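The next block holds one structure in the form of structure tokens; read it before the comments.
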Amino acid sequence: MVARRVKRYFQWLLPDSCKLLPLKRFFWKRHIPFFMNDKPVAVVTGASRGIGRSIAIGLASEGYDIAAIARSTDSEGMEILSKEVAQAGSHFFPIGLDISCTTCHKEVVSNILERYGRIDILVNNAGVAPLQRSDVLEMSEESYDRLMNINLKGPVFFAQKVAREMLWLKEHIESYKPVIVFITSVSAVLTSTNRAEYCISKAGLSMASSVLADRLSCEGILVYEVRPGIIETDMTVRIKDKYDKLIQEGLVPQKRWGMPDDIAKAVASLARGDWAFSTGTIFEISGGLNIHKL
Ligand SMILES: NC(=O)c1ccc[n+]([C@@H]2O[C@H](COP(=O)([O-])OP(=O)(O)OC[C@H]3O[C@@H](n4cnc5c(N)ncnc54)[C@H](OP(=O)(O)O)[C@@H]3O)[C@@H](O)[C@H]2O)c1
């Protein structure tokens, strides 16, 4: 307990600067061996529902202990997830965080490291659609800012914090193969004039994934973008009837909705190391929306 307080004190004292990393390491060295998890650890944001929950369950089945992030830990979704993770024989650590609160990130990452001592994969999945769809010419600044903060700024700075810790962990864990995954959307490249702020946020996140893949490639941290198509979740429930029809009419070449599990399988494959020579790759899981047709 005292040791943790001393560590926290020094963490607070030291800004997150690479220049000060050696000093930070000096203090950390004394604690890491006492709480280093044997199993690899996955941090999944937006884990309480939909795609994020499937990803967390998939990674638990792959042998990862799970740190699951959503705005609230006290939800039916988190309860279901905790049971599924336990069934897979993995440990579950629920964390309440609004990803747009960048000043909260440091404490959350510290809490995960205190609990597990390591982060092997970060899946930046949390994201929202606009509260109301409106034409780009009517788009409000309020909606734009909300989307940018949750879908872009939050995930970028959270990934930055985790990546810095991964750099250090890399030197201290044998056969440590850290991975960062960004869940973007086909909307990173396909326009929707009635939810421009969503498209813009996902296009930005796609570039963030590329930039981090570039920067971290020499450090042995692999970064991937997973780009879902139209997936059946709470996010798409309001437009279900419209898209049922469009999908049957051929909008999606494979003529079906994507399921959260389709995305979870792709992330599990990245976590397993099946794509170890492919950092920076975009994996589009969209039933063929990526096919350019005449
Ligand atoms: N569904 C699709 O068709 C589709 C297509 C392409 C891309 N995507 C992307 O896939 C990701 C997951 O989407 P989904 O369809 O699974 O959505 P969803 O069912 O609405 O789930 C969203 C998740 O994000 C969490 N979340 C929302 N706002 C948050 C915040 N400010 N801070 C932390 N967590 C937050 C939610 O948890 P709480 O509400 O409990 O906080 C929930 O766990 C999103 O990034 C989305 O843009 C979805």
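The values are calculated or read from the model by the stated rules, or taken from the named source; none is laboratory data. Worth saying up front: this structure is predicted, and the values here are computed from it rather than measured. Note that each Cβ is placed from the backbone with ideal geometry, even for glycine, and that neighbours are counted across all protein chains shown.
Quick notes
- Of the helices (runs of 4 or more DSSP H) contained entirely in the stretch 176-273, those carrying at least 3 residues that are touching a strand residue (DSSP E or B) at 6+ places or on another chain (Cβ under 9 Å) and among the polar types (S, T, N, Q) fall at 196-217.
- Residue satisfying all of: in the stretch 107-149; basic (Lys, Arg) and either touching a Gly at 6+ places or on another chain (Cβ under 7 Å) or more than 26 Å from Met36 (Cβ to Cβ) (or both); modelled with the highest pLDDT among these: Arg146
- Check on Val226, on the phi < 0 side of the Ramachandran plot and either modelled with pLDDT under 95 or surrounded by 15 or more Cβ atoms within 10 Å (Cβ to Cβ) (or both): yes
- The residue that is nearest to Gly46 (Cα to Cα), counting only those in the stretch 102-130 that are more than 15 Å from the ligand (Cβ to nearest atom) and not in a helix (DSSP H, G or I), is Ile121.
- Output for the stretch 252-294, where each listed residue is of a type in the set (A, V, I, L, M), in contact (Cβ under 8 Å) with a residue 24 or more places away in the chain and farther than 27 Å from Ser217 by Cα: Val252, Met259, Leu289, Ile291
- Residue in the stretch 73-84 that is more than 15 Å from the ligand (Cβ to nearest atom), farther than 18 Å from Asn151 by Cα, modelled with pLDDT of 95 or more and of a type in the set (Asp, Glu) present: no
- Residue in the stretch 193-208 that is among the β-branched types (Val, Ile, Thr), free of Cβ contacts under 8 Å to residues at least 60 places away in the same chain and assigned by TED's automatic domain parsing to the domain that holds Ile263 present: yes
- In the stretch 45-64, the residues that are under 16 Å from Arg272 (Cβ atoms) and not polar (S, T, N, Q): Ile55, Ala56, Ile57, Gly58, Leu59, Ala60, Glu62, Gly63, Tyr64
- Single condition Gly89 does not satisfy, out of (1) surrounded by fewer than 20 Cβ atoms within 10 Å (Cβ to Cβ); (2) assigned to a helix (DSSP H, G or I): (2)
- If only residues of the stretch 241-256 that are within 14 Å of the ligand (Cβ to nearest atom) and over 14 Å from Glu284 (Cα atoms) are counted, the one that is surrounded by the most Cβ atoms within 10 Å (Cβ to Cβ) is Ile247.
Quick grid of which residues meet (1) in contact with an Asp or Glu (Cβ under 6 Å, 6 or more places away or on another chain); (2) within 14 Å of Lys39 (Cβ to Cβ):
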{"site": "Ser61", "(1), (2)": "no, yes"}
{"site": "Ile66", "(1), (2)": "no, yes"}
{"site": "Arg71", "(1), (2)": "yes, no"}
{"site": "Glu76", "(1), (2)": "no, no"}
{"site": "Ser82", "(1), (2)": "no, no"}
{"site": "Ser90", "(1), (2)": "yes, yes"}
{"site": "Pro94", "(1), (2)": "no, no"}
{"site": "Ile99", "(1), (2)": "no, no"}
{"site": "His105", "(1), (2)": "no, no"}
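- When residues of the stretch 49-97 are limited to those that are in contact (Cβ under 8 Å) with a residue 60 or more places away in the chain and out of contact with any strand residue (DSSP E or B) (no Cβ under 7 Å at 6 or more places or on another chain), the one nearest to Tyr176 (Cα to Cα): Glu62
- Checked against the criterion of being farther than 29 Å from Ser187 by Cβ, among the hydroxyl-bearing types (Ser, Thr, Tyr) and surrounded by 16 or more Cβ atoms within 10 Å (Cβ to Cβ), the stretch 44-53 contains not a single residue that satisfies it.
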